[in-house]
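Visitor: The structure is given below, and queries will be raised subsequently.
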Amino acid sequence: MEMKNLVIVGFGGMGTYHVELVGAAEGITVTGVYDIAEARLQVAKEKGLQTYPSFEAVLADEAVDAVLIATPNDSHKDLAIQALEAGKNVVCEKPVTITSADLEAILAVAKKENKTFMVHQNRRWDSDFLIVRDMVQKEAQIGNVFHVESRVQGANGIPGDWRHLKAQGGGMVLDWGVHLLDQLLFMTDSRIKTVSANLSFILGDEVDDGFTSFITFENGTTALIEVGTTNYVKLPRWYVKGTEGTAVIQDWDLSGEIIAPDRTVAKVEPKPIQAGQGLTKTMAPPSEESTTRSPIVQVAPDMAGFYDNFVAVLNGTAEPIVKNEEVHRVLRLIEAIFEAGEEGKVVYFNE
Ligand code: NAD
């Protein structure tokens, strides 16, 4: 198989990580790096990578099949369009663009030039997500899933420098939100009905330092998506309710459990418990005798790795796992979240 040559554009935190990702795939290799910062080019040289003096020099190099764009969010659109027009295939970091209209502009060029454009929505391969997706799609472990809560929470504020700036596409909706929303739409086979949201500005930045969004789907599924950077105590990564049980995944270490009714034994009536200044049967825990507890079990990915898929797409032997229309839908959902949060209203999603 002919080797595909990839040049990394933007050799910061994520660009550097792509060297490993590409290294783990077949049929593609990182042949060079371009970054506007001389210090980053120096780091690339120390890693034995060829560097380019300008983006134009990357595009002029006929040996380059594809570029990876891992620069701040506001620069993705122009860099992608330039690369596609120069006849290069493009992998772009998330969030692909700041608006859905910007993505449409890129896709029009990709179509005209007949080049591949794929967005690195890497968290479709996260183990915790694959477990929840399996629950949703197979309806085996907790029956029909009707409510999903997906959260990431930290106490370290908005990271870095450009992520604090609106003009550069900063803020946590565009940063972590795009991952959680992409996961949600990738596993939910239904049209979105409504979107409500609260944007957090606790830290005083011009961009959101987190958000909470409640999303309803036409099939009755509801989802609560939350990203926080001011959480000194964090809630579980996933809380999932189905008609036959509840699953909790605490963290990326996959700690957690599934508690489900045991249909092989007669239901044991709950006993009233003392709750504060009263008694309750309704809120008593389910009886141990008529429920089962199971650990969270890892699910193997049923799809090729990101770069293996990219190479197969370039060779015409596979469809992209991350489809541009899916990425576009996520951006439209993000726009609905901003609209709902900024205007304090429920947005009826049109699709
Ligand atoms: P970073 O600030 O660490 O690195 C960005 C690099 O781009 C810097 O070295 C900077 O000098 C360089 N740069 C800026 N403008 C450039 C230009 N016009 N041409 C060439 N180089 C340029 O940022 P980061 O954390 O690596 O984020 C980069 C992108 O990767 C963002 O879009 C971010 O959202 C994404 N990202 C994705 C994930 C993921 O899990 N998929 C994780 C982190 C970051």
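The values are calculated or read from the model by the stated rules, or taken from the named source; none is laboratory data. Everything quoted here is computed from the prediction, not taken from an experiment. Backbone-built Cβ (ideal geometry, glycine too); neighbour counts: all protein chains shown. The protein model used for the area step is the full one, side chains on, heavy atoms only, and it has no ligands, DNA or RNA in it. Shrake-Rupley method; radii C 1.70, N 1.55, O 1.52, S 1.80 Å.
Visitor: When you scan the stretch 77-102, how many residues do you find that are assigned to a loop (DSSP other than H, G, I, E, B) and either over 20 Å from the mean Cα position of the chain (by Cα) or more than 25 Å from Phe186 (Cα to Cα) (or both)?
Guide: Residues flagged as assigned to a loop (DSSP other than H, G, I, E, B) and either over 20 Å from the mean Cα position of the chain (by Cα) or more than 25 Å from Phe186 (Cα to Cα) (or both) within the stretch 77-102 amount to 3.
Visitor: Report, by residue number, each residue of the stretch 33-92 that is under 15 Å from Thr116 (Cα atoms), of a type in the set (Asp, Glu) and surrounded by 15 or more Cβ atoms within 10 Å (Cβ to Cβ).
Guide: Scanning the stretch 33-92 gives a single hit, Asp65.
Visitor: For the stretch 207-223, how many residues meet the condition of being in a strand (DSSP E or B) and either open to solvent by 10 Å² or more (accessible area, probe 1.4 Å) or not assigned by TED's automatic domain parsing to the domain that holds Glu343 (or both)?
Guide: 4
Visitor: Could I ask something else about it? For Glu226, are the conditions met, namely being closer than 23 Å to Ser196 by Cβ, in contact with a strand residue (DSSP E or B) (Cβ under 6 Å, 6 or more places away or on another chain) and open to solvent by 50 Å² or more (accessible area, probe 1.4 Å)?
Guide: no
Visitor: Report yes if Ala66 is within 19 Å of Gly27 (Cβ to Cβ) and of a type in the set (A, V, I, L, M, F, W, C), otherwise no.
Guide: Here the answer is yes, as Ala66 does meet what is asked.
Visitor: Can you pull out every residue in the stretch 250-280 that is surrounded by fewer than 13 Cβ atoms within 10 Å (Cβ to Cβ) and either small (Gly, Ala, Ser) or touching a Cys at 6+ places or on another chain (Cβ under 6 Å) (or both)?
Guide: Ala266, Ala275, Gly276, Gly278
Visitor: Within the stretch 183-206, can one find any residue that is away from the ligand (no atom under 12 Å from the Cβ), crowded, with 17+ Cβ neighbours inside 10 Å and among the acidic types (Asp, Glu)?
Guide: Scanning the stretch 183-206, I find at least one residue that is away from the ligand (no atom under 12 Å from the Cβ), crowded, with 17+ Cβ neighbours inside 10 Å and among the acidic types (Asp, Glu), so the answer is yes.
Visitor: Among the numbered criteria (1) open to solvent by 30 Å² or more (accessible area, probe 1.4 Å); (2) in contact (Cβ under 8 Å) with a residue 24 or more places away in the chain, which one does Ala336 miss?
Guide: Going through the list (1) open to solvent by 30 Å² or more (accessible area, probe 1.4 Å); (2) in contact (Cβ under 8 Å) with a residue 24 or more places away in the chain, Ala336 breaks only (1).
Visitor: Here is a check on your reading of the model: is Val7 open to solvent by less than 20 Å² (accessible area, probe 1.4 Å), β-branched (Val, Ile, Thr) and out of contact with any Leu (no Cβ under 7 Å at 6 or more places or on another chain)?
Guide: Yes: the conditions hold for Val7.
Visitor: Continuing with this model, one more query. If you take the residues of the stretch 1-60 that are free of Cβ contacts under 8 Å to residues at least 60 places away in the same chain and in a strand (DSSP E or B), which of them is farthest from the ligand (Cβ to nearest atom)?
Guide: If we take residues in the stretch 1-60 being free of Cβ contacts under 8 Å to residues at least 60 places away in the same chain and in a strand (DSSP E or B), then Thr29 is farthest from the ligand (Cβ to nearest atom).
Visitor: Identify all residues within the stretch 70-83 that are among the β-branched types (Val, Ile, Thr) and within 8 Å of the ligand (Cβ to nearest atom); write none if there are none.
Guide: Residue satisfying the conditions is Thr71 alone.
Visitor: Turning to a different aspect of this structure: Of all residues in the stretch 130-159, which are of a type in the set (Asp, Glu) and not in a helix (DSSP H, G or I)?
Guide: Of everything in the stretch 130-159, those that are of a type in the set (Asp, Glu) and not in a helix (DSSP H, G or I) turn out to be Glu139, Glu149.
Visitor: Do we have Trp176 as within 16 Å of the ligand (Cβ to nearest atom), over 22 Å from Arg329 (Cα atoms) and open to solvent by 30 Å² or more (accessible area, probe 1.4 Å) here?
Guide: Judged against the criteria, Trp176 is not a match.
Visitor: Okay, moving on. Determine which member of the set Asp102, Asp65 is of a type in the set (Asp, Glu) and under 30 Å from Glu351 (Cα atoms).
Guide: Asp102
Visitor: Out of Val313, Val346, report the one residue that is of a type in the set (Val, Ile, Thr), open to solvent by 70 Å² or more (accessible area, probe 1.4 Å) and touching a strand residue (DSSP E or B) at 6+ places or on another chain (Cβ under 8 Å).
Guide: It is Val346.
Visitor: Does at least one position in the stretch 103-114 carry a residue that is in a loop (DSSP other than H, G, I, E, B) and either touching a strand residue (DSSP E or B) at 6+ places or on another chain (Cβ under 8 Å) or within 13 Å of the ligand (Cβ to nearest atom) (or both)?
Guide: No, the stretch 103-114 contains no residue that is in a loop (DSSP other than H, G, I, E, B) and either touching a strand residue (DSSP E or B) at 6+ places or on another chain (Cβ under 8 Å) or within 13 Å of the ligand (Cβ to nearest atom) (or both).
Visitor: Is one or more of the residues making up the stretch 136-157 touching a residue at least 24 places away in the same chain (Cβ under 8 Å), surrounded by fewer than 19 Cβ atoms within 10 Å (Cβ to Cβ), within 12 Å of the ligand (Cβ to nearest atom) and of a type in the set (Phe, Trp, Tyr)?
Guide: No: the stretch 136-157 contains no residue that is touching a residue at least 24 places away in the same chain (Cβ under 8 Å), surrounded by fewer than 19 Cβ atoms within 10 Å (Cβ to Cβ), within 12 Å of the ligand (Cβ to nearest atom) and of a type in the set (Phe, Trp, Tyr).
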